[in-house]
Amino acid sequence: MTIVGLFSSTAEASPPDTSSMPQLALPQATPPEDVATGPVFTFTATGASDYIFRGVSQTENAAAVFGSGRVSYDNFYVGVGAENVNFHNGTTAEYDLSVGWTPVVDGFRFDIGAIRYGYIDQPTHTYIDTVEFKGVVLHDFGPATFSAAVFYSENYFGAHRNDVYVEERGVYRITPKLSISGAVGERQGQGQGTQLNWNAGAAYAFTKHIALDLRYADTDEHDLGRTYGAHCTAAIKASF
């Protein structure tokens, strides 16, 4: 999920996907292609004024803390993450497990994999853990990067129905440290109609390890409660 969004009530809350964490662009060195680098380990810690997943607050508009780790090798990766949530049903935390394959074909980068969102302190007789399958394609056009993503779940957040989420995202690098970005997403739940969300913001990398993201996010479902309303968020991320 994006540190730009999550849901309010148990019935409609959306599980976060690791892509939901703040999209903070940090400069990264690219090793020469002829050098074998072995496994690459990455660790991140993020503090944010809100946890927004697909336009909806997952923390009742309160602050959130995220931590994650990932190991990548030969276009494959495995990742873990955790963050606090508040669904007003006793659930206090979320953990994310992800696995994927990231091939590159003719300049197009792909991310094909799966994410499991698990929740701690769920109410008795409630099971909202969710598995999503994802497919993402990205392409660079000079200083800009555009991506399209599809997420699919057969049992979305314990609702016992299929759910599809589609998102288009664009990032433009103004300088090596400053970028602007925006995204539009649509969620289609079986028998539930559609829900739109969008966000726009800017990120600044103070160093190759520290970045700040300022973002506006909103949905077309304000009548579902304040967690579905407009949000302005700030997040700072450390990556190692």
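The values are calculated or read from the model by the stated rules, or taken from the named source; none is laboratory data. Please read all numbers here as calculations on a predicted model, not as lab measurements. Glycine gets a Cβ as well: all are built from the backbone with ideal geometry, and neighbour counts include every protein chain shown.
Checking every residue in the stretch 155-169 against the condition of being under 26 Å from residue 88 (Cβ atoms) and hydroxyl-bearing (Ser, Thr, Tyr) gives at least one match. Within the stretch 177-194, how many residues turn out to be modelled with pLDDT of 95 or more and either in contact with a Gly (Cβ under 8 Å, 6 or more places away or on another chain) or not in a strand (DSSP E or B) (or both)? Looking only at that region, the number is 6. When the stretch 217-240 is examined, which residues are found to be within 20 Å of residue 165 (Cα to Cα) and among the hydroxyl-bearing types (Ser, Thr, Tyr)? Passing the criteria: 219, 227, 228. Scanning the stretch 217-240 for residues that are surrounded by fewer than 15 Cβ atoms within 10 Å (Cβ to Cβ) and either within 24 Å of residue 187 (Cα to Cα) or modelled with pLDDT of 95 or more (or both) gives 220, 222, 223, 226, 230, 232.
Of all residues in the stretch 159-176 being of a type in the set (A, V, I, L, M) and part of a strand (DSSP E or B), which is farthest from residue 147 (Cα to Cα)?
Across the stretch 159-176, the extreme among qualifying residues is 164.
Could you check residue 88 against (1) surrounded by fewer than 14 Cβ atoms within 10 Å (Cβ to Cβ); (2) assigned to a strand (DSSP E or B) and say which number it fails? Tallying (1) surrounded by fewer than 14 Cβ atoms within 10 Å (Cβ to Cβ); (2) assigned to a strand (DSSP E or B), residue 88 fails exactly one: (2). Return a yes/no flag: does the stretch 47-62 have any residue that is more than 18 Å from the chain's Cα centre (by Cα) and either closer than 23 Å to residue 211 by Cβ or not aliphatic (A, V, I, L, M) (or both). No - not one qualifying residue is present in the stretch 47-62. Does residue 203 satisfy the condition of being buried (at least 17 other Cβ atoms within 10 Å of the Cβ), in contact (Cβ under 8 Å) with a residue 60 or more places away in the chain and of a type outside the set (S, T, N, Q)? So residue 203 passes the test.
Within the stretch 91-117, count every residue that is closer than 19 Å to residue 152 by Cα, of a type in the set (Val, Ile, Thr) and surrounded by fewer than 16 Cβ atoms within 10 Å (Cβ to Cβ). Selection size over the stretch 91-117: 2. Sub-7 Å Cβ pairs linking a first residue in the stretch 146-163 that is on the phi > 0 side of the Ramachandran plot to a second residue that is among the polar types (S, T, N, Q) and not in a helix (DSSP H, G or I), at least 6 apart or interchain, are 157/14; 157/130; 158/126, ordered by first then second residue. For residue 131, indicate whether it is surrounded by 13 or more Cβ atoms within 10 Å (Cβ to Cβ), out of contact with any helix residue (DSSP H, G or I) (no Cβ under 7 Å at 6 or more places or on another chain) and either within 29 Å of residue 76 (Cβ to Cβ) or without any contact (Cβ under 8 Å) to a residue 12 or more places away in the chain (or both). In short, yes.
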